[in-house]
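K.L.:
I am attaching a structure below and will ask some questions about it afterwards.
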Amino acid sequence: MISAARRIAFSLLRRIELEGVFSDAALSSPQVSNLDARDRNLTTEIVYGTLRKQALLDHVLSTQSSRPWDEVCVDIRVLLRMSLYQMWHMDRIPDHALVHDAVELAKQAFVKKGASAFVNGLLRSLGRQRPWLRRGFEEGLDPWIRASLPYWLWERWMARFGPTEALEYALSLNHPPRCAIRFESSREGRRSLPEGVVPSDLVPGAYFVGEVPKGGGFRIQDEASQLIPQIVGDLSGWRIWDACAAPGGKSAILSERCGSSGFLVLSDLSWERTRLLAVRFAEDAALSDSYILVADAARTPPFRALFDLVVADVPCSGLGTLRRNPEIKWRYRPDLLPGQQHTQIAILNAVADAVRIGGRLLYCTCSTEPEENEMVLDTFLGSHRDFQIAKPDLPHALNQWIDARGFLRTFPSTRPWDGFFAAIMVRFS
């Protein structure tokens, strides 16, 4: 009988590879949540570990395979990767158990005849040889393979940071993220924290957990993501437009901070994402007064009134979230960056018209790449002389993440959070 965890991990990894599903969404599906805690944790470890180490796993498998690795069908590549990950990094799982399950899954996966024999032979050979145990094995590999990056991304980071810092950064992304949560605004007055919940030492309202607590009343949200809506300072009574609001984690914090004397308008291009946003806000009474609409942020704003703060949390590559969504590094391509930048500039140009004189425009991405960050702002500021950069309003402890131009960067290798970029601009005329 095949282990439920391995069967579901294989199913999810196939969907991530073939259907473009994101790993965090896949692991939030009912087929995972219905597992018992042990199998749920095992499934999560197999899925994330396989995606994080994919280049390293492919390297080992390609050197041992009797067939060219690129010619092995996708189902079998996925199955061999996850099996090797368990053999290499999860030493409590006996080889015979994972090999048995891999062979049985190969028989059931509608793949070419003889696939199960190929899987069996390759995994048994790896189990005997265990090349990763040789002295200096990983250190002798090319750095992008050792760090498990696509070559284009390694070249990009090495040119920007240098080989030592680039390797340190890339390796840090192969560690699990620190799980952060935020309680719903209606529960902010609680007197005691649940067991195992620790407040962040940097971000007000953010809490760390070893395991996600049962029940509701909170949302999972990275610590750096929770920081972004707070860098403008006191928002009490402000009129705010969150122009690219879904899925709504930052929006909820904006709503908390502007209070009942202010108001918040949320919009998103996607009707379905906007509908889910409305459902989410309706479930929290403290957020239910917000206005929610479908709107394209890259077009003329659908408002007569001007806002004290407009937030442009723009669509981006997501390359700052590789610790949480490691599949992005295998899915994204550098030729996509110019089109992404074009959209980001179009959004900034459009939403700027909705900022009052003296108001703020907050631009942010979950990307580490200059094309989506500094280059977007330089283009925007070059054509909008009425806007200037303002330094974020942050506690002194956070100054180390503010650069000379006043840009905020939360770099993942300095702290176990996602990589965000943010800048505040003030409209003067």
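K.L.:
Using the per-residue mean of other Cβ atoms lying within 10 Å as a proxy for protection, in what order, highest first, do the peptides 316-328, 383-395, 82-94 fall?
P.N.:
The packing order, highest mean first, is 316-328, 82-94, 383-395.
K.L.:
Looking at the range 294-416, what % of the alpha carbon pairs are farther apart than 19 Å?
P.N.:
53 percent
K.L.:
Report the one residue of Ser383, Ile347, Leu362 whose Cα lies farthest in the direction of the positive end of the charge dipole of the range 327-393 (charges on C-beta: Lys and Arg +1, Asp and Glu -1; origin at the Cα centre).
P.N.:
Looking along the dipole axis, the top candidate is Leu362.
K.L.:
Now for a different question. Any idea how far apart Ala404 and Ala25 come out in nm if each label point goes 7 Å out from Cα toward Cβ?
P.N.:
With each label placed 7 Å out from Cα toward Cβ, I get 4.1 nm.
K.L.:
Next up: Just to be sure I understand: if I project the alpha-carbon convex hull of the range 361-420 onto a plane and average over all orientations, what area do I get in nm²?
P.N.:
Dividing the Cα hull surface by four gives the mean projection, 4.5 nm².
K.L.:
Taking each pair of different alpha-carbon atoms in the range 338-387 once, compute 1/r for the pair, average those values, and report the inverse of that mean as the Kirkwood hydrodynamic radius in Å to one decimal.
P.N.:
Its Kirkwood hydrodynamic radius stands at 11.3 Å.
K.L.:
Could you work out the local net charge near Glu17, counting Lys and Arg as +1, Asp and Glu as -1, over the other residues with Cβ closer than 10 Å to its Cβ?
P.N.:
Surrounding charge for Glu17 is +2.
K.L.:
Also, I was wondering about something else. List every residue whose amide H lies under 5 Å from the amide H of Gly318, counting only residues 5 or more places away in sequence or on a different chain, with H placed 1.01 Å from N in the peptide plane.
P.N.:
Cys366
K.L.:
Just in the range 120-152: which chymotrypsin sites (Phe, Trp or Tyr not before Pro) are loop by DSSP and have at most 13 other Cβ atoms within 10 Å?
P.N.:
The qualifying sites are Phe137.
K.L.:
Next up: Counting other Cβ atoms within 10 Å, keep those with at most 15, restrict to DSSP loop, and tell me which trypsin sites (Lys or Arg not before Pro) in the range 231-315 are left.
P.N.:
Here the sparse-neighbourhood loop sites are Arg299, Arg304.
K.L.:
With the contact rule set at Cα under 8 Å and sequence spacing of 6 or more, what percent relative contact order holds for the range 138-262?
P.N.:
19 percent
K.L.:
Using only the Cα atoms of the range 1-80, each taken as one equal point scatterer with no solvent, compute I(q) by the Debye sum, divide by I(0), and report log10 of the ratio at q = 0.11, 0.15, 0.19, 0.23 Å⁻¹.
P.N.:
-0.30, -0.54, -0.82, -1.09
K.L.:
Using DSSP to call loops (not H, G, I, E or B), can you name the trypsin sites (Lys or Arg not before Pro) in the range 113-176 whose Cβ has at most 10 other Cβ atoms within 10 angstrom?
P.N.:
Filter output for the range 113-176: Lys113, Arg134, Arg135.
K.L.:
Would you compute, for the Cα atoms of the range 110-156, the largest minus smallest coordinate along each principal axis and list the three values in descending order, in whole Å?
P.N.:
Extents along the principal axes: 41, 29, 9 Å.
K.L.:
Could you tally the net charge around Ala423, taking each other residue with its Cβ under 9 Å from the Cβ of Ala423, Lys/Arg +1 and Asp/Glu -1?
P.N.:
0
K.L.:
Oh, and also: May I ask for the Kirkwood hydrodynamic radius of the range 4-141, worked out over all distinct Cα pairs and given in angstroms to one decimal?
P.N.:
Across the range 4-141, the inverse of the average 1/r is 15.2 Å.
K.L.:
Report, in cubic angstrom per residue, the convex hull volume of the C-alpha atoms of the chain.
P.N.:
Looking at the chain, the number lands at 157 Å³ per residue.
K.L.:
Related question: Can you list, bin by bin at 10 Å, the percent of alpha carbon pairs in the range 302-344, starting at 0?
P.N.:
For the range 302-344, the binned pair fractions read 22, 38, 23, 15, 1 percent.
K.L.:
Follow-up. Sort Cys244, Cys364 so the one with the fewest other Cβ atoms within 10 Å of its own Cβ comes first.
P.N.:
Cys364, Cys244
K.L.:
I've got another one for you. Just for the Cα atoms in the range 1-41, what are the lengths along the principal axes, largest first, rounded to whole Å?
P.N.:
26, 20, 13
K.L.:
Using just the helices of the chain, give the 222 nm mean residue ellipticity in deg cm²/dmol: DSSP H runs with n ≥ 4 each add -39,500 (n - 2.57), and the total is spread over all residues, rounded to 500.
P.N.:
-12500 deg cm²/dmol
K.L.:
Under 17 Å Cα to Cα from Lys107, which aspartates and glutamates show up? Leave out anything in the same chain fewer than 8 places away.
P.N.:
The reachable aspartates and glutamates, counting only those whose Cα sits under 17 Å from Lys107, are Asp75.
Values quoted throughout were computed directly from the atomic coordinates according to the rules given, and no laboratory measurement underlies them. Owing to the predicted nature of the structure, the values given are computational and were not obtained by experimental measurement. Cβ coordinates were reconstructed from backbone atoms using ideal geometry, including for glycine residues, and neighbour counts include every protein chain displayed.
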